[in-house]
Amino acid sequence: MRSTEKIENCMDCKPITDRSEIPVFPMLISYPGVFAGITQKEMVDDPVKWMQALKATYDHIGYPDLSMPLPLGDVIFVQGLEARRPGYELPDNAQFQFIEAQRMDHDDYREILSKGWAKWNARYLRSIQNPPIKTGFGLIQRFIKVGKDGNRVADFLRGLGVEPITGTAVAPLFDQLSLVRSFTDFCLDLYDVPDLIQAVLKQESPKLTAATITNAKRSKVKRIHLFAMRSEANSISPELFDEFSYPSLKPMIEEFHKAGYRSVIHADGNWLPMLDRFLNLPKGSVHFEFDGVTDMFKASEILNGWHSMRGDVPATMLAFGAPDEVSEYCEKLIAGIGMKGGFVLGSGCEVPMNCKPENLLALMKSLKS
C-alpha cells in the first residue's frame, strides 16, 4: 500500500487488517545532521544540506510515510520568536533555541484592533530577526523563500516515496499572542484585560484563517499544521480553553474543513481534558500529534475513531533507552491503539539530537509483520 493511501485511510479513521497499514512518522528536523555528520549551521544556511542529511538518515533507518516539509533554517524562522541559531548566536553544532520575551503591552492589543494583526505582526517579525529586516518587502521575500523551499522539499520527499505532513502552518491567534506577550504576562492579561483579548481574537482570527487557506492553496498537500502550543492543560485550565482558545480554534478548523483541508494539531503537552470538545467537529477533520505527555491510551478512548492521532515514542526513550525498550513500547501502541485504525506511529514531537540510531531503527522496524 502506498504512503498516500495509508495516510488518508488512517486520517479518515478507517479500520485496518495488518500493522503494515499503519503509517510511520519520526519527526526529523535537527537529528539528521547529527547522523549524517553535517553541522547544524550548514543545514540552517543551505536547504540542500538538510535534505542530504535527511536522505542519509532514511537510507539507514528506512523510509517513513510522512516527513516535516521545511528545512531547518525555515523551521526556525516560521516559529515567530527571536531565535539563537547554530553558527551565529550559538556554536555550529548546537540545538537552536528560542527567546520568549515580552514584545507587546496592552496598547498593542488596541493597535491590533485598530490596524489589524497582519500589519502589527509584520512589524514585529521584522524586528526580531538578526539582523532586523528593514522593509516590508524584505519580509515578503523571506516568506517567498519559505514557500519555495517548502515546494522544493515536497518534491524531494515525494521522489523518495515520502509525503509531507502539511503544506502550510499557522499558530492560532490565541497561541501567538501568548508567545509575543510572554506567557506570564499573557496569563495575567486573561484576568486583567479579558475583553481586550476577546475583541482581538473575535476580530482577527477569521482574517488569519482566510489568509492561511490562501497560503494552503499554493501547496498540493491538503493538510494544515496548527501549532496550538499554549492551548493545553499544562498551560491553561479547561475553563480558560473554553472561554478564550476554543471559540476561535473551532471555527478555524471548520473553515479549513469546508475548504478541503484537514487540521494537523501539533499537540504538545496534556490535551486529555480538552479532547472531548473536538468530537463536535466533522469526523476526521483533525489529526492530533501527541508528544509523550498526553496519555495515548486514554486519548484513544476519548477520540474513539472520530479523529486520528500520532505518537508518541518519548524523546527521553529515544535518547537514553535501549532498542528493546523502544520495540516494547511501540508494540504496546500498535496492539492497544494502532490496530483499531486512525493511528500514526511516530516520535513524541521531534527526534532529539542525542537519539541513539539503534533506537530510531527499532521504532521504524516495529511495523514490519
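For this structure, a couple of remarks:
- Label zone of Lys368 (point 7 Å out along Cα→Cβ, amide N under 20 Å): in region 19-57 this covers 19-27, 55-57.
- Across the protein chains, with a 1.4 Å probe defining accessible surface, the residues Glu239, Glu232, Glu42 rank Glu239, Glu42, Glu232 from largest area downward.
- Solvent-accessible area, 1.4 Å probe, carbon plus sulfur percent, for the chain: 53
- Accessible area per residue was computed with a 1.4 Å probe on protein heavy atoms; His257 scores about 80 Å².
- Rolling a 1.4 angstrom probe over the protein heavy atoms with all chains in place gives the chain an accessible area of 42 Å² per residue.
- Here is the result for region 302-345: no chymotrypsin sites (Phe, Trp or Tyr not before Pro) lie in DSSP coil with at most 10 other C-beta atoms within 10 angstrom of their C-beta.
- Between Asp185 and Phe297, the modelled label-to-label distance comes to 4.4 nm, taking each label 7 Å out from Cα in the direction of the beta carbon.
- Share of alpha-carbon pairs per 10 Å distance bin for region 18-101, given as whole %: 18, 46, 25, 9, 2
- FRET efficiency estimate (nearest 0.05) - Cβ-Cβ, Lys220 to Asn304, R0 45 angstrom: 0.90
- Modelled this way, with points 7 Å down the Cα-to-C-beta line, the labels at Ile140 and Lys283 are 4.5 nm from one another.
- Between Glu111 and Glu243, the contour length at 0.36 nm per residue exceeds the Cα-Cα span by 45.3 nm.
- Theoretical FRET efficiency, 1/(1+(r/R0)^6), r = Cβ-Cβ of Gln198 and Glu331, R0 45 Å, to 0.05: 0.45
- Calculated Rg/Rh (Cα atoms, Kirkwood Rh) (choose from (1) 1.02; (2) 0.95; (3) 0.93), label: (2)
- Taken along the Cα-to-beta-carbon direction at a fixed 7 Å, the label points for Arg84 and Glu358 span 3.3 nm.
- Pairs from the table (Lys55/Lys250; Lys6/Lys202; Lys148/Lys340; Lys41/Lys356; Lys41/Lys250) lying more than 32 angstrom apart at Cα are Lys55/Lys250; Lys6/Lys202; Lys148/Lys340; Lys41/Lys250.
- Low-density loop positions, chymotrypsin sites (Phe, Trp or Tyr not before Pro), region 144-227 - DSSP coil, at most 13 other Cβ in 10 Å: none
The values are calculated or read from the model by the stated rules, or taken from the named source; none is laboratory data. These figures come from a predicted structure and were not determined experimentally. With ideal geometry, Cβ positions are generated from the backbone for all residues, glycine too; neighbour counts draw on all protein chains shown. Side chains are part of the model used for accessible areas, which takes the heavy atoms of the whole protein and leaves out ligands, DNA and RNA. Shrake-Rupley method; radii C 1.70, N 1.55, O 1.52, S 1.80 Å.
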